[in-house]
Amino acid sequence: MYAPCAPAPAPAPRLLFLNAALATELGLDVAALTGAQGAALFAGNALPDGAQPIAQAYAGHQFGGFSAQLGDGRALLLGEVIDRSGQRRDIAFKGSGRTRIPGAATARPRSARCCAKC
């Protein structure tokens, strides 16, 4: 269960740090990820060729009870790559704006106490 969703644009993004070792491990072009082009990509202002971002819905336990409708809220799945070791890796984008999964971005716990360890 998912919904197509584009990231919200960010004004004047700047690239502060690039994990070149991880980019290389994922088989990405490090040179293409630097500067304004990389900043636009990591901010969600530009998408990789062929990317069709989605927000995913799921169910599970949260705050001590079962929730039939959870979601990524403000995260998008951009796609997947096969890394240099042959492992399949998801590429997710956090902080991408509201998604179209109903209630996902606005879900709040009914109680401030979530577990006995808090």
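Quick notes on this one:
- Listed peptides 47-59, 80-92 by packing density, highest first (mean Cβ within 10 Å): 47-59, 80-92
- Length gained on full extension, Leu15 to Ala31, computed as 0.36 nm times the residue gap minus the Cα-Cα distance: 4.5 nm.
- Per-residue extension of 0.36 nm, minus the Cα-Cα distance of Leu22 and Glu80, leaves a gain of 19.4 nm for this segment.
Taken together, the values in this text are just the output of simple stated rules run on the coordinates, not laboratory data. Computed from a predicted structure; not experimentally measured. For neighbour counting, all protein chains shown are included, and Cβ atoms are generated from backbone atoms with ideal geometry for every residue, glycine included.
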